Every structure is written in C-alpha cells, then in structure tokens.
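Every number here is computed from the coordinates shown, using simple stated rules; none is lab data. Just so we're clear, the structure is a prediction, and the values are computed from it rather than from any experiment. Positions of Cβ are generated from backbone atoms using ideal geometry, with glycine treated the same way; all protein chains shown enter the neighbour counts.
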Amino acid sequence: MHDSNGATTSLWQDIQPPISANGQQAPDMTVDVCIVGAGISGLSVAYMLSQAGKKVVVLDDDPIGGTMTSRTTAHLFSALDDRFYKLERLFGETGSQLAAESHTRAIDKIEEIVLHENIDCEFKRVDGYLFSHTTQDSHELDKELEAAQRAGFTDAQKVDFPPQQPQLGPAICFPRQGQFQPLAYVAGLAKAIQAKGGLLYDGTHVSKVQDDASEPYVETSHGSTIKASQIVIATNSPMHSAEFSIKQAQYMTYAIGLRIPPESYLPTLYWDTAHNYHYIRCASSKQGHDDILIVGGEDHKVGHDTNTDEHFAALEQWTRQHFPFVQEKVYEWSGEVIEPMDALGYIGLTPRQKSVYMITADSGHGMTHATIGGLLITDLILGRENPWAELYDPSRRTLHPQSIGSMLKEDITANLAYADYLTPASIKSPDELSNGQGAIMQDGLRKIAVYKDEQGEVHKCSAVCTHWKGLVRWNDAEKTWDCPVHGSRFNACGKLIQGPANKDLDPVE
Ligand SMILES: Cc1cc2nc3c(=O)[nH]c(=O)nc-3n(C[C@H](O)[C@H](O)[C@H](O)COP(=O)(O)OP(=O)(O)OC[C@H]3O[C@@H](n4cnc5c(N)ncnc54)[C@H](O)[C@@H]3O)c2cc1C
Ligand code: FES
C-alpha cells in the first residue's frame, strides 16, 4: 500500500493490498451526510449511516485507511488503560460504567460486523492482562480491580501470573477483549459501504467546512463543493474547531514486530502499569499462524524528542527482557495518538455548530472509539436517544482539578516550543546534510526546513507550521517534520500528514 505518512512500514501496510475508492477528486454533489476522513472512524460512521439508509460520501486526501489506522497495533480493549479508578474520579461511578459499557459494546459491534459482512480480518476474542511494571507493587492492581468491578467487569480477576508468562508476575485478567487485522477490517467496511451505494474518494483534500443551518457544505482544494444535511469530521485531529488544539495533546507512540516460534505465545493482550506503558499482542504475517509479537510504547509529545530511533532500541531491549523467546525484529513503525484533557474522547456535535459532528481524541483506543463514534453519531443524526451522548459530548466541561492541571501542563509545554524562534538553526547550508537527513537552516531572518533525499536532491520549505506558526522539528525515524506545539506533522517535502494544520508547509524558492 502507498505510504505517505512516514518512512517506516507497519505489519498491516506490508501485508494489506490497497483499498479501492470510487475515484479521486470528488466532484460537486449533494448527499445526506459528508464524512471527512477515511480512517476507521470515518468508515465506521459511514458504514452505520449507510446501513440506516443514508446516502453518504467519504472524502480523504490519503489512501483509504492509510493514515494512523494503518499504524495502529489494533488491540480491542474495553479495559481502558487510563484506569477505572481515575475515570471514577473524573466522571463518577456512573460515568466509569458508561465508558466501560460503550467500549464493551464496541467490541461486540465489531464482532457483529465481521460476521455479518463476512470480513476476513482475523478477528479474535482474547483475554487481556494488565500487569505491574515493577512486579513488586501490586497495590495499583488491587485498586484498579475494585474500580473495574464497579465499572461492570464482574468477571475480571487477579492472577499470580498470566498463562505461559510467569515472568510478568501478578496481573488482572479481563476476559473477552479482542484483536484483528485493522486494514482488512477497514477494507471490509469500505466494500460494505460501497455495496449500499456509499461513495469513497481518496485524493480529495477538504479545505473548508461550512456549518450552515440550511445548507452545510465542504469545499475541496481542487474546487468542488459537496453539500450535505450533516457533515462529520473524522480526521483524527480536527481542523475545523480551534478549541480542540488546546483541549487535547498529541503523542508519538512506537511499535516493533519480532518473530516468535510457533506455540510460544498464547493469543493474549498485555499492557503494564508504567506511566509510559507497554502494549503487547501477537499477529500473523501470513494468514493463520501467529508468528509476530507486536510491542508498543515509548510515548512522548510530538516533536519533543528528536532521538526517535532510540525509542525502537529501547522497546526491543524491554521486549527481550520480558519475552525472552522472541527472535529477530522484522518491523518497526511509529504514529500519533491524541490524548484528551480528561481521558475520554470527544464524539458528537461540534461546540456552537448545528450540523457538523466530530470524532477525536481516542486516547489510544481508536478502534473501539471509532465504533462508538459510528453508533453514537448515527443515533444523533437519526434523532435517537443514546446513553453515551453526554459522556462523549465535545461541549462537555470537565472542571476536575486533575484535568485542568493536565491541560495547563500540556499547553505550557506546547507553548514553550515557540522558543525555537530564538535558538540558532542547526545548519547553515544543505551541504552539511547526509542523504536521507533533514534539518532546520537559517536563511536571513527565516527558518527553512531542508531535506536531502536518498539521491542527494535538496527539498526546501518554510519551517513555519501552517496551524499557529510553531517551528517544525525533524523526526529522523519517520523522515517527517513534526510540530511540537499541537502535533501537526508533514512529510519530508512539506506535505501535510496530520492536523490540526490544514495546509502543506509553504514552499520556498
Ligand atoms: C503505534 C500505534 C498503536 C496504536 N495502538 C492502538 C491499539 O492497540 N488499539 C486502539 O484502539 N488504537 C490504537 N492506536 C490508535 C489508533 O490507531 C488511532 O487512534 C485510529 O486509527 C484513529 O483513526 P481515525 O480514523 O480517527 O484517524 P486516521 O486513521 O488518521 O484517519 C483520519 C483520516 O483523515 C484524513 N484527513 C485529515 N484531514 C483531511 C482533510 N482536510 N481532507 C481530507 N482528508 C483528511 C487523513 O488523510 C486520514 O486518512 C494506535 C496508534 C498508533 C500510532
Ligand atoms: S500544530 Fe499548532 S502550531 Fe503547529
């Protein structure tokens, strides 16, 4: 599959054939619902609306499923990693129960869709184990077990160690979690949407979203206008509402895939209690045999760590300590996850808008969050009651001191990155770069993002992020320009990968 969002390749990008759209450059049209973003979120919404009889179009400037959905590790968790005792603090016991119920329902819904549409995506029900990263301190596990049981996980229980993995020590077992091959699932959704008359366009960039009570529309950068009764922004990072640049934080996360011998690993999800936690599953590089162990972690704020290659090395070292049977490393990739200020994502009507819905900030639970988004936005558009509407409402005010504190901390760290304007650029001439390298160059008063490609050709663009004028930084692992302020990312030649920016970096002579 064509990959425009980084230099590395995920297991799924390696094995999944491209997913067909109906065309590129969507023409003028009028539909019931226009969905921007053809990742798992946009396609889940489009699938459920088309099943309900709505005429939908999905627009994306990248290949279908080709952005963060192609870089996930696709654990299907209802046992949320933000801890149920923290959710209780933020949303009360009822809120914690609704969060657990919604993600549990999402895994059930994915299973239903896989069966109904006959999608060959290696969907499996697996147990999930939360283990303590220190192996000595199991107090955290006890506290979480009690809160998880109050949230509705009555069958969760503590074990001395997970089956076959005594080295991990005490853990909480959460039965009936799940895993699948995400791009195969997305391909199945795309086919089912098209079978119901829905249209998918890749190569279509949405440059403007207009909320209007009588006739909402989007404009594309090639000049067409798509009118719709409702618009859904499923672009992972929303580009149509400034307040979400402040209410959420963008993190890079890393994953590696290592070969494992047959029968060495029972299909299971693991994650630990470390602050920068590790997440683990197995998958098959060929259908039917689980021959790859995937391990993720090493999260850091986008653009705030330029030694990106070191994170793959650290993950590998951790994996060899905890799963000593692993063999050679065959995959490494990274991507971005979006953390809301208060642990739960935003799904619903955009604040102060009448017809533009949004789905964002899945906190690393994008697979189930997307499915909740499909269920909830469909209910909202069809005027049906939904018990989760208030919990995920993008207009909610979370006044808990913990979430206000974390939002302030994130925003201060983000704004400190503007100090890059005062620091000297790292090179004076492209001659200082090796092939395949990028760096910021001073050009009079301007700062230029310079990339020398593998053939030695030099590409230059402005280093000023097209969102709110942060200065981008070079990400050597992915060969991308990453903005440390709100996490927009651009490829080595300045093409937009990830918002909230909605324009490429400006070209320079
Ligand atoms: C390494 C890694 C591991 C992860 N592990 C897990 C996991 O185990 N479980 C889990 O649930 N989640 C996980 N996640 C998170 C999950 O992958 C993502 O949150 C999820 O894929 C987001 O899906 P999405 O559809 O919202 O966004 P995307 O897949 O990014 O799709 C958004 C789409 O919108 C398009 N777009 C943006 N702006 C425009 C525009 N202006 N015009 C047209 N198109 C536009 C983009 O091109 C893109 O295709 C992980 C993420 C990473 C990176
Ligand atoms: S992402 Fe906001 S300034 Fe770059």
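Structural remarks
- With contacts taken as Cα pairs under 8 Å at a separation of at least 6 residues, the chain carries a relative contact order of 17 percent.
- Secondary structure note: in the stretch 423-498, about 95% of the DSSP beta bridges are antiparallel.
- Within a straight-line Cα-Cα reach of under 29 Å, K158 can be paired with the following lysines, leaving aside sequence neighbours fewer than 8 residues apart in one chain: K86, K109, K124, K143.
- Bins of 10 Å from zero: percent of alpha-carbon pairs in the stretch 423-498: 22, 57, 21, 0
- The chain: Cys lacking any partner C-beta under 4.7 angstrom: C34, C121, C173, C282, C461, C493
- When the convex hull of its Cα atoms is viewed from all sides, the stretch 29-122 shows a mean projected area of 8.0 nm².
- Pairwise FRET efficiency - V330 versus H275, Cβ, R0 = 22 Å, nearest 0.05: 0.20
- The stretch 421-426 - phi-based ³J(HN,Hα) in whole Hz, Karplus 6.51/-1.76/1.60, Gly and Pro as x: 5, 8, 8, x, 5, 7
- Net charge of neighbours whose Cβ lies under 11 Å from the Cβ of R396, counting Lys and Arg as +1 and Asp and Glu as -1: -1
- Restriction of the GluC sites (Glu not before Pro) in the stretch 307-379 to DSSP coil positions whose beta-carbon has at most 16 other beta-carbons within 10 angstrom yields E328.
- Residues with amide H under 5 Å from that of K55, placed H, sequence gap 5 or more: D32, V33
- Euclidean distance between Cα centres, the stretch 219-279 to the stretch 89-147, Å: 17
- Rounded to 5, the percent of DSSP beta bridges in the chain classed as antiparallel: 75
- Part-to-part distance (alpha-carbon centres) for the stretch 392-428 and the stretch 342-381, which is given in Å: 22
- One equal scatterer on each Cα of the chain, no solvent, Debye formula: the resulting log10 I(q)/I(0) at q = 0.10, 0.14 Å⁻¹ is -0.76, -1.54.
- Straightening the chain between R150 and R446 buys 100.9 nm, computed as 0.36 nm per residue apart minus the Cα-Cα spacing.
- Lysine pairs meeting the criterion (Cα under 16 Å, 8 or more apart or interchain), as found in the stretch 423-498: 12
- Cα centroid of the stretch 1-45 to Cα centroid of the stretch 150-180, whole Å: 35
- Residue-wise HN-Hα coupling along the stretch 44-51, computed from phi with Karplus coefficients 6.51, -1.76, 1.60 (Hz; x: Gly, Pro): 5, 5, 4, 4, 6, 5, 5, 4
- For K55, the lysines whose Cα falls under 16 Å of its own Cα, not counting residues fewer than eight places away in the same chain, are K191, K196, K227.
- Electrostatic dipole magnitude of the stretch 423-498 [Cβ: Lys, Arg +1; Asp, Glu -1; Cα centre; debye, to 20]: 360
- In a DSSP loop and with at most 13 other Cβ atoms within 10 Å, the GluC sites (Glu not before Pro) in the stretch 204-297 are E243, E263.
- At most 14 other Cβ within 10 Å, DSSP loop - GluC sites (Glu not before Pro), the stretch 435-504: E454, E457
- The relative contact order of the stretch 423-498 comes to 20 percent, based on Cα pairs under 8 Å that sit 6 or more residues apart.
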